[in-house]
Number of protein chains: 2
Amino acid sequence: MTVGALLALSAQAQVQTFSKPEDAIRYRQSAYFIMGQQMGRINSELKSPSPNIAAIQRAAGIVESVFRLPGEGYVPGSDKGNTKPNAEAFTDPRVGEIARRTAGELAKLSEVAKGGDVAAVRTQFAAAADACKSCHDDFRNK
Amino acid sequence: MTVGALLALSAQAQVQTFSKPEDAIRYRQSAYFIMGQQMGRINSELKSPSPNIAAIQRAAGIVESVFRLPGEGYVPGSDKGNTKPNAEAFTDPRVGEIARRTAGELAKLSEVAKGGDVAAVRTQFAAAADACKSCHDDFRNK
């Protein structure tokens, strides 16, 4: 590998992310808050006598897409302060596995919602919420 | 219009959004925080001697897509409390015009970034930031 290629690789790795750990924490929390609100909205619709499928589709699309964001917020130094993930959340390889599974369940939720079958949405919503919860259970301080 | 159609329309209009005004405020702030971080990242890259175009493309895509979110947070009652928009932000039709213009500038920023021409990205970034600022100037309390 040439020095130029090494430097290019190094520049690639050094993409500036957050100027301070507090920003990374707030970034993660912002994304999770948006997702929480939209998951709550889907839940409310599913409990209503006549669920608004368009609202569910929209919310599911937002959750699927916003779930891609918080991962980059788990930067060194952002494990301290006003934040809930425990120490293991920053080191345990299971977090990545759960994240991939959750992304899959959320993509499927969005897909199933497009189909318009409320019973199917209800089943997939439970699967998606369960994937979210599996991370909360093991990697979030109470 | 039949009563059934009226009820359907009314159910449509009554999509549950936020359970309390504070949630709507935090929802807006979450979306703007994510956008601010990503705009800051683009700005940093554009100031660096060798801008990382992949990082710019990614950030521009996030800003374009997250910009669609905060609009629904401007619900009645969410003009008070820990929030910066002024009273006019909730009533002035110019807000909608600026939002549409900003959405267009952000879409264009994402598009130009894909082209990979840093000088063109710099020009379009200034246009997009200017669109953001035009709303901040007139509709945000200092």
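The values are calculated or read from the model by the stated rules, or taken from the named source; none is laboratory data. Bear in mind the structure is a predicted one, so any value in this text is a computation, not a measurement. Neighbour counts run over all protein chains shown; Cβ positions are idealised from the backbone, glycine included.
Structure summary
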item	result
Failed item, numbered, when B:Arg101 is tested on (1) touching a Pro at 6+ places or on another chain (Cβ under 9 Å); (2) modelled with pLDDT of 95 or more	(1)
Failed condition for B:Thr83, given (1) modelled with pLDDT of 95 or more; (2) more than 23 Å from B:Leu106 (Cα to Cα); (3) touching a Ser or Thr at 6+ places or on another chain (Cβ under 9 Å)	(3)
Total residues in the stretch B:67-93, condition in a helix (DSSP H, G or I) and loosely packed, with under 14 Cβ neighbours inside 10 Å	3
Conditions (1) facing another protein chain (nearest Cβ under 9 Å); (2) surrounded by fewer than 19 Cβ atoms within 10 Å (Cβ to Cβ); (3) not in a helix (DSSP H, G or I): number failed by A:Phe18	(2)
Residue satisfying condition, being of a type in the set (Asp, Glu) and either more than 14 Å from chain B (Cβ to nearest Cβ) or farther than 19 Å from A:Gly116 by Cα (or both), within set A:Glu64, A:Glu45, A:Glu97	A:Glu97
Criterion (within 12 Å of chain B (Cβ to nearest Cβ), more than 14 Å from the chain's Cα centre (by Cα), on the phi < 0 side of the Ramachandran plot and surrounded by fewer than 16 Cβ atoms within 10 Å (Cβ to Cβ)) met by exactly one of A:Gly115, A:Gly40	A:Gly40
Residue match in the stretch B:118-134 (condition: in contact with a helix residue (DSSP H, G or I) (Cβ under 9 Å, 6 or more places away or on another chain), surrounded by 18 or more Cβ atoms within 10 Å (Cβ to Cβ) and outside any helix (DSSP H, G or I))	no
Enumeration of residues in the stretch B:76-100 that are free of Cβ contacts under 8 Å to residues at least 24 places away in the same chain and of a type in the set (D, E, K, R)	B:Asp79, B:Glu97, B:Arg100
Residue check, B:Phe33 surrounded by fewer than 20 Cβ atoms within 10 Å (Cβ to Cβ), at the interface with chain A (Cβ under 9 Å from one of its Cβ atoms) and either under 19 Å from B:Lys142 (Cα atoms) or touching a His at 6+ places or on another chain (Cβ under 6 Å) (or both)	yes
Test: residue in the stretch B:45-66 that is surrounded by 13 or more Cβ atoms within 10 Å (Cβ to Cβ), in contact with a Pro (Cβ under 7 Å, 6 or more places away or on another chain) and farther than 27 Å from A:Ser65 by Cα	no
Meets criteria (part of a loop (DSSP other than H, G, I, E, B), more than 27 Å from A:Gly73 (Cβ to Cβ) and either touching an Asp or Glu at 6+ places or on another chain (Cβ under 6 Å) or not aromatic (Phe, Trp, Tyr) (or both)) for B:Pro51	no
Residue within the stretch A:43-57 that is free of Cβ contacts under 8 Å to residues at least 40 places away in the same chain and closer than 26 Å to B:Gln38 by Cα present	no
